[in-house]
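A.B. asks: My questions will all concern the structure given below.
Every number in this text was worked out from the coordinates using simple rules, so none of it is lab data. Because the structure is predicted, anything quoted here is derived from the model rather than measured. We place every Cβ from the backbone using ideal geometry, glycine too, and count neighbours over all the protein chains shown.
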Amino acid sequence: MKLEQKRFSYVLIGIMIILVVLASAFLWANIKNGHLRFDNNPFEKSLSEDNPKEYIRNPAVTNSLPSCQGNNLLTQSPIDLDKLEHIVPLGLIHPPGHALPMDHILLLLPNGPGGKTKLKTDIRAPGIVRIFGIRSVIYKRDGVVESKIYSIAFTPCRELTFYFEAINDLSDSLHKEIELQKCEPNSQKEGNREFLFCEYLVDYVTKAGEIIGTAGGLNGSNTLDWGSYDMRVPKLPFLGRGDEGPNNAVFYTTCPLNYYSSSLKDQLYDKLSDPDGQKRTAEPRCGEIMQDKFGTIQGNWQTKKEFRKDGDTTWSPFMGIGHDNYNASKGIIGVAGTISNSGTINYEPEHNGTINRESSEVTADGKIYCYQNNRRSNDDTALSGRLLIQLLDPKTLKAEYQEKKCDEVFKFVSPTIYER
């Protein structure tokens, strides 16, 4: 009997060792790829006491809310319609911070006298919502404070998260929500700039249309950034986003305008245009952020770690290759840094040859392709030279920026390897 018990014990120990090895291998593979995920519902996950607060997650509030029913959940424009100039659709590529397609829309604030500054504008709660997180960011340059902005996270129901960014001041009611909370700011430095973050977990119920803050003004932003994540929608099938953060929230990006009833939704959709009034006609009309196409260069890329340089910022490794968020027939490449100054290449896609070729048609065919600016855009970050790209396999490409034009011989001198 004792012999059988020993044998059973040895077998049990052997099984446990195998399970531990397999679990460790799985965990390491996920950490190595930068995509450690414990589940596919990050907003349901509880915060532990030893983790820092994250203003965009507050399960104590969000888990207590009723489940979302349908999409007619908002009733008020955040900015009065007669003051709202236009709305920038999802997917804007504007380096360095947004070399990958932007996962939120931008509401353009009204111009001040002479058009040089944006008017200080009231920001309203877009419905009866629960504000559950607030973040403040102080911007310093060479040790001197330049500005301070706030972000607000809120929702009307459990599975949905909205956020506003670039609010330059909070209402008195929201100031009272955070003024008694102590904060030791987290610091992030990039070159001569420093960012000081404070995050607060709150529980504040708004009235629809209640003024919750202001944006714009002399030292304020030109836009109100507005994003939404909906855990009810299918996960976006990115091949390798790179900047999804600890919650992978970007995989559940939606358009905030889609949560209005049809009448107000139509009025807001009518504001989707570029500064020249050109409206997006491609579907989805509110724009898109997922442009990855397997087996081509189209999509989101980041440099391999061994190619990153001293002085690179957190944005520098990224490069987005896709289509313009206003006109989906136009090509755009956003480079955040590493291989050049941050900037964009805006081009008219060609369907043959190796110059400005449509990105979804460039495969691992052994050829080097060349890209250069050849169309007007509203972008103020256009690069003057050319970008050479060669796809090595579905997950790897070579890229090099050169101060030349595409009518000269294509030749790599010191290429950088990107992956996804």
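A.B. asks: Taking amide H atoms as placed 1.01 Å from N in the peptide plane, list the residues 5 or more away in sequence, or in a different chain, whose amide H sits under 5 Å from that of S273.
C.D. replies: HN-HN under 5 Å from S273: I87.
A.B. asks: Residue by residue through the stretch 158-165, which ³J(HN,Hα) values in whole Hz follow from phi under the Karplus form 6.51 cos²θ - 1.76 cosθ + 1.60 (θ = phi - 60°), with glycine and proline marked x?
C.D. replies: Each residue's phi maps through the Karplus curve to give 5, 8, 10, 10, 10, 8, 10, 10 Hz.
A.B. asks: Full extension from N341 to N374: what is 0.36 nm times the residue separation minus their Cα-Cα distance, to one decimal in nm?
C.D. replies: Numbers: separation 33, 0.36 × 33 = 11.88 nm, distance 1.86 nm.
Going from the current span to full extension adds 10.0 nm.
A.B. asks: Give me the lysines in straight-line cross-link reach of K405: C-alpha distance below 25 Å, same-chain residues under 8 apart excluded.
C.D. replies: Excluding near neighbours in sequence, the set is K330, K367.
A.B. asks: In addition: Helix-only mean residue ellipticity at 222 nm, the chain, DSSP H runs n ≥ 4 weighted -39,500 (n - 2.57), per residue, nearest 500. What is it?
C.D. replies: Result for the chain: -3500 deg cm²/dmol, rounded to the nearest 500.
A.B. asks: Can you compute the charge dipole magnitude of the chain about its Cα centre, using +1 on each Lys and Arg Cβ and -1 on each Asp and Glu Cβ, nothing else charged? Give it in debye, rounded to the nearest 20. Present the calculation step by step, with values, prior to reporting the outcome.
C.D. replies: Values: 49 positive and 53 negative charges, 180 e Å.
Rounded to the nearest 20 debye, it is 860 debye.
A.B. asks: Quick one: if you take sqrt(5λ) for each eigenvalue of the C-alpha gyration tensor of the stretch 299-419, what semi-axes come out, biggest first, whole angstrom?
C.D. replies: Three semi-axes, in Å: 20, 17, 14.
A.B. asks: Got a sec to turn the phi values of the stretch 330-345 into Karplus ³J(HN,Hα) couplings, 6.51 cos²θ - 1.76 cosθ + 1.60 with θ = phi - 60°, whole Hz, x for Gly and Pro?
C.D. replies: In residue order, the calculated couplings are 9, x, 8, 10, x, 10, 7, x, 6, 8, 6, 5, 5, x, 10, 10 Hz.
A.B. asks: Here is a further query. Sorted from fewest to most neighbouring beta carbons within 10 Å, what does the list H175, H98 look like?
C.D. replies: H175, H98
A.B. asks: Also, quick follow-up: At 0.36 nm per residue, and after removing the present C-alpha to C-alpha distance, how many nm does the segment from T363 to D310 gain when stretched out fully?
C.D. replies: 15.9 nm
A.B. asks: Quick check on the exposure proxy: order E283, E194 from fewest to most C-beta atoms within 10 angstrom. Each step should come with its number before you reach the end.
C.D. replies: Values: E283 8, E194 19.
Arranged by neighbour count, lowest to highest, E283, E194 become E283, E194.
A.B. asks: Of the DSSP beta bridges with both residues in the chain, give the percent that are antiparallel, rounding to the nearest 5.
C.D. replies: 95 percent
A.B. asks: Sticking with this one: Quick one: which of K148/K182; K235/K411; K118/K309; K120/K140; K116/K140 span more than 29 angstrom between C-alpha atoms?
C.D. replies: Exceeds cut-off: K235/K411; K118/K309.
A.B. asks: Two-decimal Rg/Rh of the stretch 42-269 from alpha-carbon positions, Kirkwood Rh?
C.D. replies: Here the Rg-to-Rh quotient is 0.94.
A.B. asks: Show the residues, 5+ positions off or on another chain, whose built amide H is closer than 5 Å to the amide H of I212.
C.D. replies: Distant-sequence amide H within range of I212: I123, R124, A125.
A.B. asks: Where the centroid of each part is defined by its Cα atoms, how far is the stretch 270-298 from the stretch 63-119 in Å?
C.D. replies: Each part's Cα centre sits 15 Å from the other's.
A.B. asks: Could you run the Karplus curve 6.51 cos²θ - 1.76 cosθ + 1.60 with θ = phi - 60° over the stretch 94-104 and give me ³J(HN,Hα) per residue in whole Hz, x for Gly and Pro?
C.D. replies: 8, x, x, x, 10, 6, 8, x, 5, 9, 9
A.B. asks: In addition: Kirkwood Rh, Cα Rg: Rg to Rh for the stretch 270-350?
C.D. replies: In the stretch 270-350, Rg relative to Rh is 1.04.
A.B. asks: Which residues' amide hydrogens lie under 5 Å from the amide hydrogen of L119, considering only partners 5 or more residues apart or on another chain, with H built in the peptide plane?
C.D. replies: N111, G112, G217
A.B. asks: Let me ask something additional. Quick check: residue separation of Q181 and Y139 times 0.36 nm, minus the Cα distance between them. What number comes out in nm?
C.D. replies: In short, 13.0 nm is gained.
A.B. asks: Give the shape of the chain as rounded, prolate or oblate, defined through the alpha-carbon gyration tensor: a ≥ b ≥ c are the square roots of its eigenvalues, a/c under 1.5 means rounded, and otherwise the shape is prolate if a/b is larger than b/c and oblate if not.
C.D. replies: Judged from the Cα gyration tensor, the chain comes out oblate (a/c at least 1.5, b/c at or above a/b).
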